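Bear in mind that the values in this text are calculations on the coordinates, not laboratory data. Treat the numbers as computed from the prediction; the structure is a model and nothing was measured. All Cβ positions, glycine included, derive from the backbone under ideal geometry; neighbour counts span all protein chains shown.
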Amino acid sequence: MIIRTLTAEDCPACARWMAATPLWQHYGVTEHSAQQRLEQGLANQATIAVAEQDGQVLGFVWYVLEGAFARSGYILLIGVQPGRYRQRVGQALMDYAEAQVFQQAADIFLLVSDFNLAAQRFYQRRGYKQVGAIPDYVLPGVSELIYTRRRPASAQGG
């Protein structure tokens, strides 16, 4: 598996599996809206990395180096192709994004849906701690939980 920058050619495939994923469906994501969002990110020079194996994109991570409070890194989106969840794709993507962010920031923030227990466990295993919640932020009746992680002492940056 390699981690590389998202290209315009990757957007249609990512959009297809995003639209087929129950979590994204819960938020009303369609193939068209997913592709539009990814393409708009590229047009705006967003930092989006993909995990690729044998020419197939298995997942992506969209992160911002100083996206939280204009000083901390922020993981905006992470997605893994259905059927690839137990193949360490998300772990590889997070390892990559964290390494990039921790070169410049002392901490990273991200949001995770209150009903997404698997994602909460994933982040907690990586050392993230819940520090708050934003009720009804994206969807009525759903709280987005705020998680953060400090840069490990072994990953000191500038």
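Some notes on this structure:
- Amide proton proximity set for LEU58, modelled H, under 5 Å, gap of 5+: ALA51, GLU52, GLN53
- Neighbour net charge for ALA92 - beta-carbon separation under 14 angstrom, K R +1, D E -1: +2
- Signed unit charges on C-beta, dipole axis of the chain, positive-most listed residue TRP24, LEU77, GLN91: GLN91
- Reported to the nearest whole Å, the Cα centre-to-centre distance from the range 72-119 to the range 34-56 is 15.
- Phi-derived couplings, Karplus 6.51 cos²θ - 1.76 cosθ + 1.60 at θ = phi - 60°, listed residue by residue for the range 10-22: 7, 4, x, 5, 4, 4, 4, 6, 4, 5, 8, 9, x Hz, with x used for Gly and Pro.
- Ordering HIS32, HIS26 by the number of other Cβ atoms within 10 Å of each residue's own Cβ, fewest first, gives HIS32, HIS26.
- Estimated purely from DSSP H runs of n ≥ 4, each contributing -39500 (n - 2.57), the mean residue ellipticity at 222 nm for the chain is -9500 deg cm²/dmol once divided by its residues.
- If R0 is taken as 22 Å, the Cβ-Cβ distance between GLN103 and THR7 corresponds to a FRET efficiency of 0.40.
- Within the chain, the ratio Rg/Rh, alpha carbon atoms throughout and Rh by Kirkwood, equals 0.94.
- Cβ charges +1 (Lys, Arg) and -1 (Asp, Glu), total dipole of the chain, debye: 580
- Pairwise label distance in nanometres, ALA70 with ARG86, each label 7 Å out on the Cα-Cβ vector: 4.7
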